[in-house]
Amino acid sequence: MSDIAILFIVNSLLNKLLQVGIVQKFLVVPLISFDNLTSINYLDICAMLFNIPADAKWMQNGVTIAGGNGSGNVTNQLYYPQGLFVDDDQTVRNGDTTHGQVVAGDNGQGNGLHQLDRPTDVLIDKETDSLIICDWGNRRVVRWSRRSVTTQDEVRQYQLGKNIGTLVAGANGMGDGLNQLSYPTYLFVDRDHSVYVSDYSNNCVMKWNKGANEGIVVAGGQGGGSALPQFNLPHAIVVDTLGTLYVADCYNHRVMRWTPGDNKQGTVIAGGNGSGAGANELCAPVGLSFDQRGNLYVADQNNNRVQRFSIE
């Protein structure tokens, strides 16, 4: 028997959220609506603290723990998975890690409280024991309770239950200046309330300290490309307790690590062997997360699977 973390996967184009292992029923509660915005992208506002050693290395061959059976709508398939979240509060023994259970959505595409429209990301609010889902197509963020059985070149901060945001980054037009963003995609908030934003059009990751009027380029910014100082459309980002930055470098088909204070180039920790479906390959990784042991999970979108790379 082996323990595994509970994995939540956003199955975007099928308008549902999957949980590998445990069956529960959920009730959705609207959290934030964005009626005047064209879209909202990803919700990697992650208060989870990842304690990963500075010299950590991962196995280069990943293990498929969800999907990998082609694109589709049955429980052992995914259809362009995007965001993912690992919950270490619960474990599963002898868990079936090739089949998932629907825990949100799957009621057709729509804007009803029981529906989702191309959801892109998910995280867990442990205080309220609920899932918070970025419901992209409906331009809203929703809370899905786990306890019940029944234009956009900016980042805003919202209080739960309120629709009025506080500007924290961008909103100075589309561009590559330090006070601008151009297609911000993922974000991460660290324990100092600094906001990290992956800007896929500028192929960089920027850090905005709390209250700052300008950001700092902490990774990339050297144009699009496959060299170690470059990205090719960066997506999901995670920052650990040491300030190390991890980036899903989507169309370089790799996951990169950038150490604090060194924004010259990153190192490849997973993938980077070209586009493919092999154990040491990725094809358009867009989401990533870690469990409390430091194992790396990657939403490998074009392979319709989630890969786990175990820490050595």
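So which of G276, G294, G261, G272 is touching a Cys at 6+ places or on another chain (Cβ under 9 Å) and farther than 15 Å from L84 by Cβ? Reasoning before the result, please.
On the way: G294 fails: touching a Cys at 6+ places or on another chain (Cβ under 9 Å); G261 fails: touching a Cys at 6+ places or on another chain (Cβ under 9 Å); G272 fails: touching a Cys at 6+ places or on another chain (Cβ under 9 Å).
Unique residue meeting the criteria: G276.
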**Fill in**
Given (1) more than 19 Å from the chain's Cα centre (by Cα); (2) on the phi < 0 side of the Ramachandran plot, G221 misses just (2)
**Request:** Filter segment 203-222 down to residues that are within 12 Å of H235 (Cα to Cα) and either part of a loop (DSSP other than H, G, I, E, B) or open to solvent by 30 Å² or more (accessible area, probe 1.4 Å) (or both), then give me how many there are.
**Result:** 1
**Asked** Is one or more of the residues making up segment 131-140 open to solvent by 20 Å² or more (accessible area, probe 1.4 Å), modelled with pLDDT of 75 or more and assigned to a strand (DSSP E or B)?
**Response** no
**Prompt:** Would a scan of segment 64-74 turn up a residue that is part of a strand (DSSP E or B) and modelled with pLDDT under 75?
**Reply:** no
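Filter segment 166-191 for residues that are among the charged types (D, E, K, R) and under 24 Å from V122 (Cβ atoms); which is most open to solvent (accessible area, probe 1.4 Å)?
From segment 166-191, those among the charged types (D, E, K, R) are 176, 190-191; that's our starting set.
The next check asks that each one be under 24 Å from V122 (Cβ atoms); those that pass are 190-191.
Details: D190: 28, R191: 150 Å².
Residue satisfying both the conditions and the ranking: R191.
Let's see how each residue does on (1) surrounded by fewer than 24 Cβ atoms within 10 Å (Cβ to Cβ); (2) farther than 26 Å from R293 by Cβ; (3) touching a Gly at 6+ places or on another chain (Cβ under 9 Å):
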residue	(1), (2), (3)
F231	no, yes, yes
A236	no, no, yes
G271	no, no, yes
G274	yes, yes, no
**Residues within segment 276-295 that are open to solvent by less than 10 Å² (accessible area, probe 1.4 Å) and either more than 21 Å from N69 (Cα to Cα) or assigned to a loop (DSSP other than H, G, I, E, B) (or both), tallied** = 5
**Prompt:** Only one of (1) in contact with a Phe, Trp or Tyr (Cβ under 7 Å, 6 or more places away or on another chain); (2) modelled with pLDDT under 90 fails for H235. Which number is that?
**Reply:** (2)
**Asked** Out of segment 296-312, which residues are outside any strand (DSSP E or B) and either of a type in the set (K, R) or open to solvent by 20 Å² or more (accessible area, probe 1.4 Å) (or both)?
**Response** Q301, N302, N303, S310, E312
**Message:** If I ask for residues that are more than 19 Å from the chain's Cα centre (by Cα) and outside any strand (DSSP E or B), which ones from segment 230-271 would you list?
**Reply:** Q230, L242, T259, P260, G261, D262, N263, K264, Q265, G266
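The values are calculated or read from the model by the stated rules, or taken from the named source; none is laboratory data. On a predicted model such as this, the values are computed, not experimentally measured, just so you know. Glycine gets a Cβ as well: all are built from the backbone with ideal geometry, and neighbour counts include every protein chain shown. Accessible surface is based on the protein model in full, side chains and every heavy atom, while ligands, DNA and RNA are left aside. Shrake-Rupley method; radii C 1.70, N 1.55, O 1.52, S 1.80 Å.
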